[in-house]
1. Pairs only if they're at least six apart or on different chains, beta carbon under 7 angstrom, first in the range 49-73 and open to solvent by 40 Å² or more (accessible area, probe 1.4 Å), second not in a helix (DSSP H, G or I); list them, first residue then second.
2. I need the full set of residues from the range 64-85 which are under 13 Å from Gln44 (Cβ atoms) and not small (Gly, Ala, Ser), in order please.
3. Could you tell me whether any residue of the range 6-17 is part of a helix (DSSP H, G or I) and modelled with pLDDT under 90?
4. Among the listed residues Arg57, Arg31, identify the single one that is over 20 Å from Gly75 (Cα atoms), basic (Lys, Arg) and not in a helix (DSSP H, G or I).
5. Can you say whether Glu23 is of a type outside the set (Phe, Trp, Tyr), closer than 30 Å to Ala76 by Cβ and without any contact (Cβ under 8 Å) to a residue 40 or more places away in the chain, as far as the supplied structure shows?
6. Only one of Gly22, Gly39 is closer than 24 Å to Gln69 by Cβ and of a type outside the set (A, V, I, L, M). Can you tell me which?
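The values are calculated or read from the model by the stated rules, or taken from the named source; none is laboratory data. For clarity, every value in this text was computed on a predicted model and none was experimentally measured. So basically every Cβ, Gly included, is an ideal-geometry build from the backbone, and we count neighbours across all protein chains shown. Note: accessible area is taken over every heavy atom of the protein model, side chains too, but ligands, DNA and RNA are not part of it. Shrake-Rupley method; radii C 1.70, N 1.55, O 1.52, S 1.80 Å.
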Amino acid sequence: MKQIYDFDQYPPPVLNENMLRGELEKRSKKRLIILLAVGALLLQIAALLLGVLTCDRYPILSFGCLAYQVISMAGAGVIAVVYAQKGGNFHHD
């Protein structure tokens, strides 16, 4: 295995249990956020398909699905704008 640090020339990086736990927690949060985003996308697709496939027989249901899509997309846009204004970065070090 190739060594990535030459400990004879430089001191090893400072690392403790709290730093490792923090990194583990960040990875866990990132994984949960990705799962939440995928679940929301699947829900959006299901609602859109329900609205499209039932537009002939149930126009009120179709309208409800369309309204849900519009409101959900507007909410996602607002969240994206607020997140961008705060300067958040999902892939930070």
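1. From residues that are open to solvent by 40 Å² or more (accessible area, probe 1.4 Å), the pairs are Leu61/Thr54.
2. Result: Cys65, Leu66, Tyr68, Gln69, Val70, Ile71, Met73.
3. Among the residues of the range 6-17, at least one is part of a helix (DSSP H, G or I) and modelled with pLDDT under 90, which makes the answer yes.
4. Values: Arg31 fails: not in a helix (DSSP H, G or I).
Residue meeting the stated conditions: Arg57.
5. Working: of a type outside the set (Phe, Trp, Tyr): yes; closer than 30 Å to Ala76 by Cβ: yes; without any contact (Cβ under 8 Å) to a residue 40 or more places away in the chain: yes.
For Glu23, the condition - of a type outside the set (Phe, Trp, Tyr), closer than 30 Å to Ala76 by Cβ and without any contact (Cβ under 8 Å) to a residue 40 or more places away in the chain - is met.
6. Values: Gly22 fails: closer than 24 Å to Gln69 by Cβ.
Within the list Gly22, Gly39, the selection yields Gly39.
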